[in-house]
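Have a look at the structure below, then the notes.
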Amino acid sequence: MNMFNPATAQPNILNSLRAGGVLKLSPKTQRFFIIQSSRELECDQRQAQRLASDGTLRPAGRDSHSNCVFALNQASAKKELP
């Protein structure tokens, strides 16, 4: 499973989440990022915004740094990528 988009060198968000990554949104910078294997990775901001607003992801709370944490909805976890 390829987790990186070769055109942008950014991880594919859904594949990263399925592989154990976490999508977060910083309230200070208003930017999404992925935490995977204890590393912070940049991600496609448009894709993250779309996934967060179309019901693919659901809010899952806040971390200790007040970042918003998102998780896959159960139905979306099984969806195949386009």
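The values are calculated or read from the model by the stated rules, or taken from the named source; none is laboratory data. Computed from a predicted structure; not experimentally measured. With ideal geometry, Cβ positions are generated from the backbone for all residues, glycine too; neighbour counts draw on all protein chains shown. Calculation scope for accessible area: heavy atoms of the full protein, side chains included, ligands and nucleic acids excluded. Shrake-Rupley method; radii C 1.70, N 1.55, O 1.52, S 1.80 Å.
Search the stretch 26-61 for residues being acidic (Asp, Glu) and in a strand (DSSP E or B), and hand back the single one that is least open to solvent (accessible area, probe 1.4 Å).
Checked the stretch 26-61; the qualifying residue least open to solvent (accessible area, probe 1.4 Å) is GLU42.
Is there a residue being outside any helix (DSSP H, G or I), at pLDDT 90 or above and over 11 Å from PHE70 (Cβ atoms) anywhere in the stretch 1-10?
No, because not a single residue in the stretch 1-10 is outside any helix (DSSP H, G or I), at pLDDT 90 or above and over 11 Å from PHE70 (Cβ atoms).
Restricting to the stretch 15-25, and then to whatever is open to solvent by less than 60 Å² (accessible area, probe 1.4 Å) and not in a strand (DSSP E or B), can you tell me which residue is farthest from HIS65 (Cα to Cα)? So that I can check it myself, show each step before the final result.
Going residue by residue through the stretch 15-25, those that are open to solvent by less than 60 Å² (accessible area, probe 1.4 Å) are 15-17, 19-25.
Okay, now just the ones that are also not in a strand (DSSP E or B), so 15-17, 19-21.
Working: ASN15: 25, SER16: 21, LEU17: 20, ALA19: 23, GLY20: 20, GLY21: 17 Å.
My answer is ASN15.
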